Amino acid sequence: MGEVRNCTGRIGIVDTTFSSIDTASIALKEIRRLASRVEIRRYTVPGIRDTPLACKALIEKERCGTVLVTGMVSKKGVEKQVEHQAVLGIMWVQLQTNRHVVTAFFDENEAKEKSKLYNIVVDRIRKHALNALKLLAMPESLTDYAGLGLRQGSRDVGQFRV
Amino acid sequence: MGEVRNCTGRIGIVDTTFSSIDTASIALKEIRRLASRVEIRRYTVPGIRDTPLACKALIEKERCGTVLVTGMVSKKGVEKQVEHQAVLGIMWVQLQTNRHVVTAFFDENEAKEKSKLYNIVVDRIRKHALNALKLLAMPESLTDYAGLGLRQGSRDVGQFRV
Amino acid sequence: MGEVRNCTGRIGIVDTTFSSIDTASIALKEIRRLASRVEIRRYTVPGIRDTPLACKALIEKERCGTVLVTGMVSKKGVEKQVEHQAVLGIMWVQLQTNRHVVTAFFDENEAKEKSKLYNIVVDRIRKHALNALKLLAMPESLTDYAGLGLRQGSRDVGQFRV
Amino acid sequence: MGEVRNCTGRIGIVDTTFSSIDTASIALKEIRRLASRVEIRRYTVPGIRDTPLACKALIEKERCGTVLVTGMVSKKGVEKQVEHQAVLGIMWVQLQTNRHVVTAFFDENEAKEKSKLYNIVVDRIRKHALNALKLLAMPESLTDYAGLGLRQGSRDVGQFRV
Amino acid sequence: MGEVRNCTGRIGIVDTTFSSIDTASIALKEIRRLASRVEIRRYTVPGIRDTPLACKALIEKERCGTVLVTGMVSKKGVEKQVEHQAVLGIMWVQLQTNRHVVTAFFDENEAKEKSKLYNIVVDRIRKHALNALKLLAMPESLTDYAGLGLRQGSRDVGQFRV
């Protein structure tokens, strides 16, 4: 974790006005806690379909080394394919810019109780904030956690051995 | 809102002959009301599959800083995948041109009553016209509305806190 | 309509050997009737998955200003995703070449009676031939028909007002 | 057919180790029979998801004018989307290289009886081999067969007239 | 097999922290066993959506001639489209870099018993490690196995003849 704590790069956070949870605040707080010397740039857009270009702008114009993109997904009606479109856009951005974009979306139906949903989102964003910082600071450090069944939004499932 | 009212950039509106609602007129009126100094360029195409190239032309040939693309989606039969194709095209246009394209499509089945459908469309286009103007004038202003559960076509759902 | 009748550009027609209806003949006849001075280039390929490259060749090698692509879609078994693939390819071609490609595909199951299906196809191709000519001659002329609920393959549904 | 018989270009064949039918042999034999002067380059890959890059290599490194890509599709479980991914990849290859790639895949469930499936595959590959040769030798020759309801893997359905 | 055993190129392995099985270890051991002179570069990312950029980095920055990408797919809830997105990203990487990326993903539901699932994964990764090495060392060697119904994760189904 030393390499994250001392990291001096720049990270981007993308969030949306559509989300009912203030995802960027969770991400901002966690990144500051984990890596106080990292610079943060933030870009808020209407919905997740607008996030790919925001990621690209943070990388190309703001020179962020990695971006954490957050947002809420609605899985009903016309919204069904929206996450797929956003993720494909984010994929292209990564391959155009050669920078990792870590996606931390949540579906408002992942839990019926609001407090449970909130906890899922906090857990996911915090863990993905750490992932984004590791990819920014020292990608090879993730190898220490390879195949461990890590989860964001719930407990790790652990490694399965025979 | 000051930055929108005084904005002097150029915005594009794309609409279709397929739509049964005159979406561009709603957008035009709202943009003129909100930002009288913004220049507007309009491009009408047959259907939403033709909108991505129209967006690209407004950005590259007409030098629009942002585009609001409107249109009606039919979700039956052969038409089912059409919105997905259009949105992917619009995604590529954004990543090719580095300009935001705000999508304000509606599905003719969102409401059974015509007057209700019309109201949804008006609400969505007006709110997305404001989004497009903010992205044109001062993207960072959207951060004031981050995570507030904003909706276009219905009431905002608000922020969920714990 | 004057701008179409006097148009002197070049239009491409793409068709397939897979189709059971001679779509190109319908398109050719209509284009000659509407705009006798327009030059026509035609490219026949096996199936609709082969049409995107044919469109690109007509635009880049034959310098067509617009292309009308026709073909039959079979919606059963392995064929289900074929139209989606073709349309995505056509989308990329448009964004690569900055030229409109108007798609006039039909699904063999749109009507059970063959004569009814034929009438649908004729109506769709004729109307899209006119759309392609307008986009070739004077794109802004389509604005006169914006939001009018125009349909290809059936009667226009008209505009919905409140 | 004269133009095919005397064709002197170079054609590529892509096949897979996944397929239970030796598709390349069928293609090789048919191409040699139809156009003995055409040069053939072959590239075998593990599965159909590996075929797009093989097509690209045959076109760019081996300078094949057209490629016939063959392979077996399994439509169960995780394999369901594989054909779609391969076909999209093949679409991009065509638009990157400006060369036709004719796809002759089969689904192992197209027929329950193995001998019937084999006959379907032979019919499809032979007819698509001829298509690929025509596109290589003289694309415009396909116009003679436009709208004739040609099929690969079964009898032609013929043209529908009214 | 001689060409694999003596191969001196460089291969990449991509794996994830999400997987509950340590896929990279299986791949590493098999590659060292089969081709002790091949150099190996490894890149661990959070989940399979992050793998395309990792593949690209191994090819472009680490100059790997081929990459074997491993990972676990969850087919429930929001995760359903994730494999499709990853595979499309991997397709683009291959066509951007002209290098093969061999995909060895597994779905945690392929077997109910954990030991059976583990065996499937070991079998698949070992066989695809060999495929990747063959593509690295001598692509044409795969032609000896063309159309033999080879499988990864289960027994080969063999060739079907008539």
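Tabulated values for the structure
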| item | result |
| --- | --- |
| Residue among B:134, B:56, B:116 with the largest mean-square fluctuation in a Gaussian network model of chain B, springs linking Cα atoms under 10 Å | B:116 |
| Relative contact order (%) - chain B, alpha-carbon pairs under 8 angstrom, separation at least six | 25 percent |
| Fewest-first sequence of E:60, E:108 by Cβ atoms within 10 Å of each Cβ | E:60, E:108 |
| Rg ratio (alpha-carbon, reference 2.2 N^0.38 Å) - chain C | 1.01 |
| Cβ neighbours within 10 Å from other chains - mean over C:38-48 | 4 |
| Cβ-vector label at 7 Å, residue D:116, separations to other copies in nm | 3.0, 3.0, 4.9, 4.9 |
| Proxy reagent accessibility, fewest Cβ within 10 Å first, across B:143, D:17, E:70 | B:143, D:17, E:70 |
| Percentage of interatomic Cα-Cα distances in segment E:75-151 larger than 22 Å | 39 percent |
| Pseudo-label separations to other copies for residue E:141 - Cα-to-Cβ vector, 7 Å, nm | 4.0, 4.0, 6.4, 6.4 |
| P(r) tail fraction, segment B:10-62 - alpha-carbon pairs more than 13 Å apart, % | 56 percent |
| Given E:29/E:127; D:114/E:127; B:29/B:127; D:29/D:134; C:61/D:61, the pairs whose alpha carbons are separated by over 18 Å | D:114/E:127; C:61/D:61 |
| Selected from E:57, E:120, E:100, residue furthest toward positive end of dipole (segment E:23-162; charges at beta carbon) | E:120 |
| Span from the segment C:1-72 Cα centroid across to the segment E:138-162 one, whole angstrom | 43 Å |
| Value of D in µm² per second that Stokes-Einstein yields for the protein assembly as shown, Kirkwood Rh from Cα pairs, at 25 °C (0.890 mPa s) | 88 µm²/s |
| Spacing of the two label points (7 Å from each Cα toward its C-beta) at residue C:143 and residue D:119, in nm | 6.2 nm |
| Theoretical ellipticity at 222 nm over chain A - DSSP helices of four or more residues, -39500 (n - 2.57) apiece, nearest 500 | -13000 deg cm²/dmol |
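Read-outs: derived from the displayed coordinates by stated rules, not from any lab. What you are looking at is a predicted structure, and each value in this text was computed from that prediction instead of being measured. Neighbour counts are summed over all protein chains in view; Cβ atoms, including those assigned to glycine, are modelled from backbone coordinates with ideal geometry.
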